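Note sheet for the following structure.
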Amino acid sequence: MSKPNKHESKHESKRGSKRCVEAQCLPILQHKATLTKLVKDNVFLVVTGETGSGKTTQLPQYLFEAGLWKGGIIGITQPRRVAAITVAQRVSQEMHFTLGKEVGYQVRFDDCTSQATVVKYMTDGCLLREILADPGLSQYSVVILDEAHERSLNTDILLGLLKKTLLQADKGSKDGSVRQRVVVMSATLETDKLSTFLGHCPVFTIPGRTFPVTSRFGNAIGPKEVDSSRYVNEVVRVALDVHVSEVAGDILVFLTGQSEIEKACDMLYEKAESIDYRYDVQDQTVEGLLILPLYGSMPTDQQRQIFQAPPSGIRKCVVATNIAATSLTINGIKYIVDSGFVKQLNHNSRVGMDILEVVPISKSEAQQRAGRAGRTSAGKCFRIYSNEFWEKCMLDYTVPEIQRASLTSVVLTLKCLGVHDVIRFPYLDHPEERLLLEALKQLYQFDAIDRRGQVTQLGRLIMEFPLHPGLTRALLKAASYGCEEILLPLAAMLSVENIFIRPGHPEKQKEADKKHRNLAAQSGGMNDFATLLSVFQWCKASDSPSAWCKENWIHWRALKSAFSIETQLREILLRLQQKKDFPVETFTGNKSELFRRCLCTGYFTNVARRSIGKIFSTMDGHGTAVHVHPSSSLFDQEAELDWVIFHDMMVTSRVYLRTVCPIRYDWVKDLLPKLHEVDAYELSNIAREEVNEEELAKLESKEAKRQKEGLDEDTAKKLEKR
Ligand code: CDP
Ligand code: MG
């Protein structure tokens, strides 16, 4: 049994050469010339092939070799930030470049590119932000939208935007030469639909080599079971069973998130210790188990280990989120243990907010997971759920994010890009009108758009920050008073994963809880936002921040990211403050209230009032009954509370408020009417009419000009084209 060992740099060069050999036998290689030519000759191209065939890592290299970078950057988007980072690392190694030079990556709050970068991996969210500054993406010669089958919200929007701009540009180009190209890559599925959407562009399929995978259902999860402790225990049991009874080959376990994965790894580690390899295991060549977690917010040097072959005789067991389903391919996997669940951001109409929920995966997703076992030889997939669960609880296909998540940021992006009619935008799959209306309404509530659906000055400022619009609004409010110092660290803290460590061991858990309670008390108590702010400040001011974190059971890595994010947010703010129209106000109230009052301007949509006992009721018109989450410093103090604002909600059998702060009704009373004042239909109708109005205005002015200049229609058109 061996523990994950630290990354050993002396093995680096050996691995490097082995990798190049690997790249030479990837299925994509035989099609290098064809693919390169297809990309060169077409504005749009769809490329599909089994996961692991080499699309993400190889195609950009082919295009680089073909010299396409001379006309601009070769950009590749990924829905997941980890994928963008690890793939860029891998490709820079394969090409023998230093990461951040010719090959780089950019994800939110982490830019590892330079002037020299010509192959750039990035999240789809980053490219969407770039479009705002440069709608024609003039820096790029090729944009590759990767993992299109995932149907992430941002990729879907990019598809629509690029279709709009490039199809227009293509029609305009007389000599037929192609200046910019878009390649859409997808695992399999829906390629016809993509091609039709993109003006019937060519589709290239990389013929795959896959081996049969036999799948077996279990009986631990039936249609009535959705208890996470249960499936964690069961995947651990099944994984160990595979380890002792199946022939050599690595195991990939699918769970839904970090805490669950860490728990499963602890359990696996503990149980595997008692295995006696002389008697217990069937395959005598198997001498140990290497357990590795894999989730999005993991440090990248640990992630790199996942791809390394285990020492001989050792079986590798990777416990991963859905990230291992298509974004990352791990070689050597022969067995899959599938929990049947995934964590998904869904718009919850009960509470009117986006909530991260654990939901059953779709059948196509389950097949994709199983397929990971058959890349290099025949494999087996162990599903812990029953056949009945498959039939009754799993959809055929995953619903695209655009049809289930809040569209607030996206609608604001579109509006800033001049797409006013967000209802008739070319969507690959149209979002429900209800979600669009909700987004318009929220933007109106935040004063990001006006009653005519036009982006306001505040809306443009909000757009500059890669944060939730409400949080940005609070930050801008504080900045207008010249008090950004209090909101910048908070915004950074709310942008990182949970900072509080909760150890599994009961004794240690008590100790950690006590420390956390102390921190809350020292920061003034009864205000989770203020606790976050204080933790940031104390840690930053301490002589040894990492030791301070250890002492207080705080994730040092998360704090480190928060420090860096704060700097970046500060830079954005400084730039905006230099503009002369940046709002400036004077604060007349009580200074000690300032922090909470600023928060109210962004969080008034998240207000709840205590109704009876410990039950609160939200004020957004949904009137949901909610409780304060036990992790909050306000828990058990509910009797003293009346009105509160909160950062987010957690939905289990109850709805819980997390990161909570008490407020006074006075502070929100002028804002609350805005929650009910406008009918979303009104906004959308205006949004629709406005296009016509605007176009009309344009046409009218053109017509007036023509008449004034006494030109005939044809001449006027010709002149306009020039
Ligand atoms: O994009 P697609 O799924 O077609 O394949 P890919 O991601 O380009 O993967 C090609 C090969 O590179 C696979 O064998 C992966 O295991 C390997 N790879 C790796 O070893 N390390 C990475 N960070 C990324 C890919
Ligand atoms: Mg890929």
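The values are calculated or read from the model by the stated rules, or taken from the named source; none is laboratory data. Here the structure is a predicted model, which means the values were calculated and not measured. Cβ: placed from backbone, ideal geometry, glycine included. Neighbour counts: every protein chain shown.
Figure legend. Inter-residue proximity from the range 428-444: first residues assigned to a helix (DSSP H, G or I), second residues among the aromatic types (Phe, Trp, Tyr), beta-carbon distance below 9 Å, spacing 6+ or different chains. Indicated pairs: Leu437/Tyr681. Listed conditions (1) at pLDDT below 90; (2) within 16 Å of ligand 2 (Cβ to nearest atom) are all met by Ile333, apart from (1).
Note on the range 566-602: residues that are farther than 15 Å from Asp666 by Cβ and in a helix (DSSP H, G or I) amount to 15. Might you check whether a residue that is closer than 26 Å to Leu166 by Cα and either free of Cβ contacts under 8 Å to residues at least 24 places away in the same chain or away from ligand 1 (no atom under 14 Å from the Cβ) (or both) occurs anywhere in the range 75-85? Yes, that holds for at least one residue.
Filtering the range 81-102 to residues that are within 16 Å of ligand 2 (Cβ to nearest atom) and in contact with a strand residue (DSSP E or B) (Cβ under 7 Å, 6 or more places away or on another chain) leaves Arg81, Ala84, Ile85, Val87, Ala88, Gln89, Val91.
Taking Ala521, is it crowded, with 17+ Cβ neighbours inside 10 Å and either part of a helix (DSSP H, G or I) or among the β-branched types (Val, Ile, Thr) (or both)? The answer is no for Ala521. Could you tell me whether Val281 is hydrophobic (A, V, I, L, M, F, W, C) and in contact with a strand residue (DSSP E or B) (Cβ under 6 Å, 6 or more places away or on another chain)? Taking the combined requirement at face value, the residue does not satisfy it.
Output yes when any residue across the range 286-298 is over 20 Å from the mean Cα position of the chain (by Cα), away from ligand 1 (no atom under 13 Å from the Cβ), under 18 Å from Thr376 (Cα atoms) and surrounded by fewer than 18 Cβ atoms within 10 Å (Cβ to Cβ), and no when none is. Before you say what the answer is, go through the steps one by one.
Keep residues of the range 286-298 that are over 20 Å from the mean Cα position of the chain (by Cα), which gives 286-292.
Then drop every residue that is not away from ligand 1 (no atom under 13 Å from the Cβ), which leaves 286-292.
Next, from what is left, pick out any that are under 18 Å from Thr376 (Cα atoms): none.
Checking the range 286-298: not a single residue is over 20 Å from the mean Cα position of the chain (by Cα), away from ligand 1 (no atom under 13 Å from the Cβ), under 18 Å from Thr376 (Cα atoms) and surrounded by fewer than 18 Cβ atoms within 10 Å (Cβ to Cβ).
Report whether or not Val119 is β-branched (Val, Ile, Thr) and either over 27 Å from Thr376 (Cα atoms) or more than 16 Å from ligand 1 (Cβ to nearest atom) (or both). Against the criterion (β-branched (Val, Ile, Thr) and either over 27 Å from Thr376 (Cα atoms) or more than 16 Å from ligand 1 (Cβ to nearest atom) (or both)), Val119 qualifies.
Of the residues in the range 97-112, at least one is of a type in the set (Lys, Arg) and more than 16 Å from ligand 1 (Cβ to nearest atom).
For the range 123-136, the criterion of being closer than 19 Å to Leu68 by Cα and surrounded by fewer than 17 Cβ atoms within 10 Å (Cβ to Cβ) is met by at least one residue.
I'd like the residue in the range 49-61 that is out of contact with any strand residue (DSSP E or B) (no Cβ under 8 Å at 6 or more places or on another chain) and part of a helix (DSSP H, G or I) and, out of all such residues, is farthest from Pro293 (Cα to Cα). Restricting to residues being out of contact with any strand residue (DSSP E or B) (no Cβ under 8 Å at 6 or more places or on another chain) and part of a helix (DSSP H, G or I), the top hit is Gln58.
Selection of the range 405-422 for residues being part of a loop (DSSP other than H, G, I, E, B) and either among the small types (Gly, Ala, Ser) or over 25 Å from Ile355 (Cβ atoms) (or both) yields Ala405, Ser406, Leu417, Gly418, Val419, His420, Asp421. Of all residues in the range 61-86, those being modelled with pLDDT under 95 and of a type in the set (Val, Ile, Thr) number 3. When the range 62-80 is filtered for residues that are over 30 Å from Val496 (Cβ atoms) and either away from ligand 2 (no atom under 16 Å from the Cβ) or not in a helix (DSSP H, G or I) (or both), the ones remaining, listed by number, are Phe64, Glu65, Ala66, Gly67, Leu68, Trp69, Lys70, Gly71, Gly72, Ile74. The condition (being over 18 Å from Arg80 (Cβ atoms), in contact (Cβ under 8 Å) with a residue 12 or more places away in the chain and surrounded by fewer than 19 Cβ atoms within 10 Å (Cβ to Cβ)) is satisfied by just one residue among Gln282, Gln302: Gln282.
Do you know which residues across the range 539-550 are assigned to a helix (DSSP H, G or I) and without any contact (Cβ under 8 Å) to a residue 12 or more places away in the chain?
Of the range 539-550, the ones assigned to a helix (DSSP H, G or I) are 539-541, 545-550.
Passing the criteria: Ala541, Ser546, Ala547, Trp548, Cys549, Lys550.
For the range 39-48, the candidate set comprises residues that are among the aliphatic types (A, V, I, L, M) and either in a helix (DSSP H, G or I) or crowded, with 22+ Cβ neighbours inside 10 Å (or both); within that set, the residue that is nearest to ligand 1 (Cβ to nearest atom) is Val47.
Which residue out of Ile336, Ile402, Ile330, Ile306 is within 16 Å of ligand 1 (Cβ to nearest atom) and part of a helix (DSSP H, G or I)?
Values: Ile336 fails: part of a helix (DSSP H, G or I); Ile402 fails: within 16 Å of ligand 1 (Cβ to nearest atom); Ile330 fails: part of a helix (DSSP H, G or I).
From the options Ile336, Ile402, Ile330, Ile306, the qualifying one is Ile306.
Of the helices (runs of 4 or more DSSP H) lying entirely inside the range 185-287, those carrying at least 1 residues that are at pLDDT 90 or above, closer than 30 Å to Ala33 by Cβ and of a type in the set (Ser, Thr, Tyr) are 191-197. If only residues of the range 360-397 that are surrounded by 20 or more Cβ atoms within 10 Å (Cβ to Cβ), part of a loop (DSSP other than H, G, I, E, B) and charged (D, E, K, R) are counted, the one that is modelled with the lowest pLDDT is Arg375.
Over 26 Å from His347 (Cα atoms) and in a helix (DSSP H, G or I), is that true of Thr155?
Details: over 26 Å from His347 (Cα atoms): no; in a helix (DSSP H, G or I): yes.
For Thr155, the condition - over 26 Å from His347 (Cα atoms) and in a helix (DSSP H, G or I) - is not met.
Going residue by residue through the range 21-28, is there one that turns out to be closer than 20 Å to Val184 by Cα, modelled with pLDDT of 95 or more, touching a helix residue (DSSP H, G or I) at 6+ places or on another chain (Cβ under 7 Å) and not in a loop (DSSP other than H, G, I, E, B)? Please lay out each step first, then the result.
Filtering the range 21-28 for residues closer than 20 Å to Val184 by Cα gives 26-28.
Still in the running and modelled with pLDDT of 95 or more: none.
For the range 21-28, residues closer than 20 Å to Val184 by Cα, modelled with pLDDT of 95 or more, touching a helix residue (DSSP H, G or I) at 6+ places or on another chain (Cβ under 7 Å) and not in a loop (DSSP other than H, G, I, E, B): absent.
Being within 23 Å of Leu68 (Cα to Cα), more than 16 Å from ligand 1 (Cβ to nearest atom) and either surrounded by 20 or more Cβ atoms within 10 Å (Cβ to Cβ) or among the aliphatic types (A, V, I, L, M) (or both) is a condition met by at least one residue of the range 184-200.
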